[in-house]
Structure formats: structure tokens, C-alpha cells
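The values are calculated or read from the model by the stated rules, or taken from the named source; none is laboratory data. Because the structure is a prediction, the values reported are computed rather than measured. Methodologically, a virtual Cβ is constructed for each residue, glycine included, from the backbone with ideal geometry; neighbour enumeration extends over all protein chains shown.
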Amino acid sequence: MICPECKMKYVSNIKECSSCQINLVETSTINKRLKRKTWSPLSTFSGRLLADMVAEVLDQHSIPYHLKMDWISSALSVEALQIPGQTVQIFVPTEYLSKASELTSSITGELE
């Protein structure tokens, strides 16, 4: 058993926190695992400018995303808007893929 307020642990026969004076809960209720996300590729861009524009639209709609830079940009921590041959790929959780594609189609040029 655990106190949801102060996180103090108790043996199973105790039902109330001695400090907070509130009911204890099962430890498993506090330690639930997060649901594993499956990520899907949204688009690949030549250069950082368009990828940043898409990221801004995704931020505005609270859609999680991950930008995967090419090796040279990642290894050297290069933050330029355009490096010859640079590619940036955007991934979103699969459950957001349809909405993210719809929102970014005018930027990516992939109209439905």
C-alpha cells in the first residue's frame, strides 16, 4: 500500500496514511506502465526549413513528433537551415498519423 500524496509505503493491513490522513492505494495503481507507442514516418525533407514548419504545425495541434536528422547533422550537431544533401525525417505516433498528414499536406505537397 502507498499514500498517493506523500508516496510513503505501508504494509498491506494499514489503510490510512499516518501523515496525510488519507486513504492508501495499491502500489500497482501508482506504478502503472506507460503504453508503448508505435511511431510511423510522416515525411522526409531535404533540409531543415520545411521540417521545422511541419514541427510547428504539429506543436500547435499537440501532436507528438520526433525529428530524425541525417548522420552528418546529428554527429556534428549542425543546426543550419540548409546543408547540401541534408535530410530530416519526421515520425509521429501511429494513432496521430492520419491527422498529422492532413494538417501538413499543404507544406509537404502531398494533397489527398
Seminar exercise, completed: Counting only helices (runs of 4 or more DSSP H) entirely within segment 19-112, those with at least 3 residues that are at pLDDT below 90, of a type in the set (S, T, N, Q) and closer than 30 Å to Met8 by Cα are 27-30
For this session: Enumerate the pairs (first residue in segment 40-64 and within 11 Å of Ile90 (Cα to Cα); second residue anywhere and of a type in the set (Lys, Arg) and in a loop (DSSP other than H, G, I, E, B)) with beta-carbon separation below 9 Å, excluding pairs fewer than 6 apart on the same chain, so at least 6 apart or on different chains.
Result: Pro64/Lys37
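Mind checking which residues of segment 38-56 are over 11 Å from Ser101 (Cβ atoms) and among the hydrophobic types (A, V, I, L, M, F, W, C)? Break it down stepwise before answering.
Kept after step one, since they are over 11 Å from Ser101 (Cβ atoms), are these residues of segment 38-56: 38-39, 44-53, 55-56.
Within segment 38-56, Trp39, Phe45, Leu49, Leu50, Ala51, Met53, Ala55 meet the criteria.
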